[in-house]
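Written below as structure tokens is the structure these notes are about.
Bear in mind these aren't lab numbers, they're just calculated from the coordinates by the rules spelled out. Keep in mind that this is a model prediction, so the values were computed, not measured. Note that we place each Cβ from the backbone using ideal geometry, even for glycine, and neighbour counts take in every protein chain shown.
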Protein chains: 2
Amino acid sequence: MSTSKPTNLRIPGPTPVTPEILKEMSRLMINHRGEEFRHLIESVTKRLKVIYETNQDLHILTASGTGAMETAIVNTLSPGDNVLAITVGAFGDRFAKIAEIYGADVTVLRSALGESADPDKVMSELNNNPNIKAVLVTHNETSTGVTNDVESIAKIVKQDFGKLLLVDGVSSVGSVPLKTDDWKCDAVASASQKGWMAPPGLAFLSFSLESWKANASSTMPKFYFDLREYKKYMEIGQPPWTPNLSLFFALDKALDLMLTEGMHNVHARHVKTAQKFRDGVQELGLELLAKTESASNTITSVILPEGIDAKEFLYIARTEHNVELAGGQQALANKIFRIGHLGLVTDDEITETISAIKHSLEKLK
Amino acid sequence: MSTSKPTNLRIPGPTPVTPEILKEMSRLMINHRGEEFRHLIESVTKRLKVIYETNQDLHILTASGTGAMETAIVNTLSPGDNVLAITVGAFGDRFAKIAEIYGADVTVLRSALGESADPDKVMSELNNNPNIKAVLVTHNETSTGVTNDVESIAKIVKQDFGKLLLVDGVSSVGSVPLKTDDWKCDAVASASQKGWMAPPGLAFLSFSLESWKANASSTMPKFYFDLREYKKYMEIGQPPWTPNLSLFFALDKALDLMLTEGMHNVHARHVKTAQKFRDGVQELGLELLAKTESASNTITSVILPEGIDAKEFLYIARTEHNVELAGGQQALANKIFRIGHLGLVTDDEITETISAIKHSLEKLK
């Protein structure tokens with residue numbers, strides 16, 4: 001373990017975890033089929049539901065966020081089902097691909113990289129395809145730093161058309177408002193290493209009554225991710241498979257901190273922090289990938305100036321200025337860099353990040 | 001966090017984790033797509049392979065052991081494939097069920113609870129069913145405390161019949177010898193909370209060249225557990241999805257401790273510890289479920305004396321004697337109790353356990 005100053009970790013997750021939460025990771029093992037764990041899983045689930053703004057089911061999986069996305073699909077759909085996948089980047093593509101691999105008939109509605117989904121286009125797709133059973137949408141696209149207007153999309157999908165709505169909220173829930181029940185989202189996935197301020201390893205999935213109705217006739221194969229097993233075991237306060245105990249301890253503490261701060265304040269803090277990052281990079285003369293109205297409050301994507309090599313830039317920022325930034329993925333590789341600002345970010349970390357970007361670019365000009 | 005004496009956790013996993021390993025769980029987050037993690041995953045994988053005694057592929061999943069069992073099946077088989085599932089208890093049944101759910105045509109070869117699989121019967125099943133493509137077997141059945149003779153079974157399955165051999169080694173590898181390459185096991189699953197002395201949350205799967213050949217034509221659907229993604233990403237020292245970093249830190253330390261002790265010594269220690277537990281309970285006049293020749297060196301199942309209620313017995317042992325034992329599962333509920341002795345067990349813990357069993361039974365007589 002290094003005793004030097006910790007790296008300013010500005011990737012879109014894992015996010016930095018505070019010492020008081022990390023300390024919980026070192027607690028002794030307990031029996032996951034005993035009373036102490038029953039109290040823990042019930043209490044953690046209850047508070048996750050508060051933050052999700054749901055009174056319906058929510059289950060905790062020992063998996064990455066991608067596992068929760070797969071769980072949403074395989075527990076509601078059957079091979080041959082028509083699905084509309086709204087994608088605005090790599091994680092939207094991933095959601096579509098999971099559905100395809102399990103045999104769904106997927107129609108893709110794609111936006112240009114950096115743009116959010118247009119609710120009017122969602123409406124016309126649903127008008128044109130009356131057989132569509134479910135709509136997949138990313139709330140916050142981590143690869144581009146774009147937030148979709150899930151509230152408006154949900155109105156169309158749920159109120160106008162009555163379809164299932166499966167949401168990838170991996171990098172949004174807990175940082176950005178998502179009203180699971182009010183908006184009638186049928187399944188919302190998230191993961192512990194995002195705004196929840198815990199290390200990676202647990203994924204969460206809310207699951208509505210309508211999802212359970214769909215589940216009754218869903219024939220996509222599932223075992224590890226079979227939510228019926230999770231539901232059955234949750235009645236005795238257990239998960240079906242051995243859970244990641246240490247992360248339950250950490251999450252217990254992190255949820256306390258979030259709810260003590262108050263979710264209204266947590267959300268407001270993310271808005272303020274994001275604005276500081278956007279202002280900071282624009283003051284350096286840099287251009288943002290996302291349009292102002294859909295810019296994410298958890299991840300900011302910045303267009304790399306002409307002639308700057310992403311790898312060199314990230315290397316200098318990391319090794320000479322202590323700031324770990326993320327590059328672009330797939331089509332955006334070497335075209336953008338990304339700043340993660342989910343969870344706790346101090347003003348010093350913002351200043352240090354902007355300064356690192358400035359000096360790293362200057363060195364490469 | 002309690003400051004009282006830690007519970008003597010004698011369930012078959014999670015196993016107690018020593019302070020020096022737990023300390024690693026509290027390390028700061030790093031970039032899982034950076035150099036530091038590349039070194040970590042490469043080093044951890046290399047040492048896992050030493051303990052697995054394999055030079056072939058091995059991948060680390062953010063999942064429970066059940067996830068690795070599912071991974072073995074969905075990456076080698078296709079719906080309609082004929083599979084022979086050798087089961088000697090609840091975890092063998094689980095392996096068979098996963099294959100069935102994903103569409104395999106499963107023939108079950110079942111032994112009485114407490115008995116190990118008979119290699120001769122495996123041979124006759126394979127003679128009778130020439131269409132069998134793969135054989136599933138549990139190395140150490142956690143629900144009964146029985147170890148199957150995988151070496152003899154492997155000889156038949158691999159040398160005599162040339163079938164795929166998928167092994168559930170969840171509660172054996174790292175504690176009990178399993179020679180992955182020598183015995184020609186095509187896939188072996190394990191999980192961090194067993195003999196590896198780390199908390200739960202990571203699962204491991206070795207995967208032979210023959211498994212990769214089977215993979216090329218495998219059509220069972222998979223995404224989160226798609227090993228082709230793991231293989232592709234491992235070339236750049238990354239897993240495809242965000243990994244459980246804290247457990248990689250812990251495992252790094254645990255593997256050091258295991259390899260410094262030497263696997264021969266680790267295995268010998270498990271033999272000795274298991275014998276002490278078996279002797280101890282037999283000296284109390286209790287009967288073991290497993291026959292001597294197949295009794296597990298990681299879990300001991302003890303038959304509950306007539307008239308003793310399992311729940312009451314476990315409650316007294318836990319609350320009055322500080323020892324957390326496990327009950328029986330499914331058909332063995334209220335018929336046996338189980339003692340886990342994987343990983344590190346001190347002589348004091350053995351003495352305390354035997355004494356707790358003695359006094360708890362006396363109180364209930």
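Over all alpha-carbon pairs in segment A:309-365, figure out the percentage whose distance exceeds 18 Å. Kindly include the intermediate steps, with their values, before the conclusion.
Values: 493 of 1596 pairs.
The proportion of pairs with Cα distances above 18 Å equals 31 percent.
Mind checking which of B:ILE153, B:TRP241, B:ALA216 is farthest towards the positive end of segment B:19-259's charge dipole, using Cβ charges of +1 (Lys, Arg) and -1 (Asp, Glu) about the Cα centre?
Ranked along the dipole, the leading option is B:TRP241.
Hey, what do the phi angles of segment B:226-232 turn into as Karplus ³J(HN,Hα) couplings, whole Hz, using 6.51/-1.76/1.60 and θ = phi - 60°, x for Gly and Pro?
With coefficients 6.51, -1.76 and 1.60, one gets 6, 5, 5, 5, 4, 5, 4 Hz.
Mind checking the mean number of beta-carbon atoms from other chains within 10 Å of the Cβ atoms in A:242-254?
Mean number of neighbouring Cβ atoms from other chains: 5.
Run the label-point distances for A:ILE236 please: 7 Å along Cα to Cβ, every other copy, nanometres, shortest first.
List, nearest first: 4.5 nm.
DSSP beta bridges in the protein assembly as shown, what fraction antiparallel, as a percent rounded to 5?
Details: 44 of 86 bridges.
The antiparallel proportion sits near 50 percent.
Using the Karplus equation 6.51 cos²θ - 1.76 cosθ + 1.60 (θ = phi - 60°), what ³J(HN,Hα) coupling, rounded to whole Hz, does each residue of segment B:42-48 give in order, writing x for Gly and Pro?
5, 5, 5, 4, 4, 6, 4
Please give the calculated 222 nm ellipticity per residue for chain B, where each DSSP H segment of at least 4 residues contributes -39500 (n - 2.57) and the sum is spread over every residue; nearest 500 deg cm²/dmol?
Values: 12 runs with 146 residues, N = 365.
Calculated mean residue ellipticity at 222 nm is -12500 deg cm²/dmol.
Taking the highest mean first, how do the peptides B:112-121, B:20-29 order by number of other beta carbon atoms within 10 angstrom per residue? Walk me through the numbers before you get to the answer.
Details: B:112-121: 17.3, B:20-29: 20.2.
Those peptides, ordered most packed to least, come out B:20-29, B:112-121.
Based on the Cβ-Cβ distance of A:ASP120 and A:LEU209, what FRET efficiency does E = 1/(1 + (r/R0)^6) give at R0 = 25 Å, to the nearest 0.05? All intermediate terms of the calculation are to be shown ahead of the outcome.
On the way: r = 29 Å, r/R0 = 1.16.
Calculated transfer efficiency: 0.30.
Taking the radius of gyration and the Kirkwood hydrodynamic radius from Cα positions alone, what is the Rg/Rh ratio for the protein assembly as shown, to two decimal places? Walk me through the numbers on the way to the answer.
On the way: Rg = 25.9 Å, Rh = 26.5 Å.
Result for the protein assembly as shown is an Rg/Rh of 0.98.
Quick one: if the Förster radius is 45 Å, what FRET efficiency do B:LYS272 and A:ILE236 give, using the C-beta to C-beta distance and rounding to 0.05? Walk me through the numbers before you get to the answer.
Numbers: r = 36 Å, r/R0 = 0.80.
My answer for the efficiency is 0.80.
Can you list the residues of segment B:255-292 with backbone N under 20 Å from a point 7 Å past the Cα of B:GLU320, pointing along Cα to Cβ?
B:281, B:284-286
Step through the residues of segment B:240-245 one at a time and calculate ³J(HN,Hα) from phi using the Karplus curve (6.51 cos²θ - 1.76 cosθ + 1.60, θ = phi - 60°), rounding each to whole Hz and writing x for Gly and Pro.
Taking θ as phi minus 60°, the curve returns x, 10, 4, x, 7, 4 Hz for segment B:240-245.
With just the Cα atoms of segment B:83-128, tell me how far they stretch along each of the three principal axes, in Å, largest first.
28, 26, 9
I'd like the antiparallel share, as a percent to the nearest 5, of DSSP beta bridges with both residues in segment B:1-150.
On the way: 2 of 13 bridges.
Of the beta bridges lying entirely in segment B:1-150, close to 15 percent run antiparallel.
Under a 5 Å amide H to amide H cut-off, with H placed in plane at 1.01 Å, what residues pair with A:SER171 once short-range neighbours are removed?
A:ASN140
What residue among B:LYS184, B:LYS335, B:LYS311 shows peak mean-square fluctuation when chain B is described by a Gaussian network model with Cα springs under 10 Å?
With Cα springs under 10 Å in chain B, the top fluctuation among B:LYS184, B:LYS335, B:LYS311 is at B:LYS311.
Run through the other copies and list how far each one's label point is from that of B:SER217, in nm with one decimal, shortest first; the point sits 7 Å from Cα along Cα-Cβ.
Spacings between copies for this position, smallest first, are 3.6 nm.
Rank these for me by crowding, B:MET123, A:MET69, going from fewest to most other beta carbons within 10 Å.
On the way: B:MET123 17, A:MET69 32.
Listed from fewest to most nearby Cβ atoms, that is B:MET123, A:MET69.
Of all beta bridges DSSP finds with both residues in chain A, what is the antiparallel percent, to the nearest 5?
Numbers: 22 of 43 bridges.
Of the beta bridges lying entirely in chain A, close to 50 percent run antiparallel.
Please find the FRET efficiency linking A:ASP279 to B:GLU35, where r is the Cβ-Cβ separation and R0 is fixed at 30 Å, and quote it to the nearest 0.05.
Numbers: r = 31 Å, r/R0 = 1.05.
Efficiency for this residue pair is about 0.45.
Put a label point 7 Å from Cα along the Cβ direction on B:ASN127, then list its distances to the equivalent points in the other copies in nm, shortest first.
7.1
Which order do B:THR62, A:THR107 fall in if you start with the one that has the fewest other Cβ atoms within 10 Å? Don't skip to the end; give the middle numbers.
Values: B:THR62 28, A:THR107 18.
So the ranking, lowest neighbour count to highest, is A:THR107, B:THR62.
Can you pull the mean other chain C-beta count within 10 Å for peptide A:187-199? Can you show the working numbers first?
Working: counts 0, 0, 0, 0, 2, 2, 6, 1, 0, 0, 0, 2, 13.
Across A:187-199, the average partner-chain Cβ count within 10 Å equals 2.
With a 10 Å cut-off between alpha carbons and a GNM built on chain A, which of A:GLY34, A:GLY340, A:GLY67 moves the most?
Top of the fluctuation ranking is A:GLY34.
From Cα pairs below 8 angstrom and at least 6 apart in sequence, can you work out the relative contact order of segment B:19-259, rounded to a whole percent? If you can, show how the numbers build up before the last one.
Details: 487 pairs, mean separation 73.2, N = 241.
Worked out over segment B:19-259, it gives 30 percent.
Search the structure for amide H atoms under 5 Å from the amide H of A:LEU165, placed 1.01 Å from N in the peptide plane, and list their residues when 5 or more places away or on another chain.
Hits under the 5 Å cutoff: A:VAL135, A:ASP186, A:ALA187.
Just to be sure I understand: with springs between alpha-carbon atoms less than 10 Å apart, which residue in B:ASN334, B:ASN244, B:ASN128 has the highest mean-square fluctuation in the Gaussian network model of chain B?
Looking only at B:ASN334, B:ASN244, B:ASN128, the biggest GNM fluctuation is shown by B:ASN128.
With 10 angstrom as the radius, rank B:THR298, A:THR144, A:THR18, A:THR260 by how many other C-beta atoms surround their C-beta, starting from the fewest. List each step's numbers first, then the result.
Details: B:THR298 27, A:THR144 32, A:THR18 14, A:THR260 8.
Sorted ascending by nearby Cβ count, the order is A:THR260, A:THR18, B:THR298, A:THR144.
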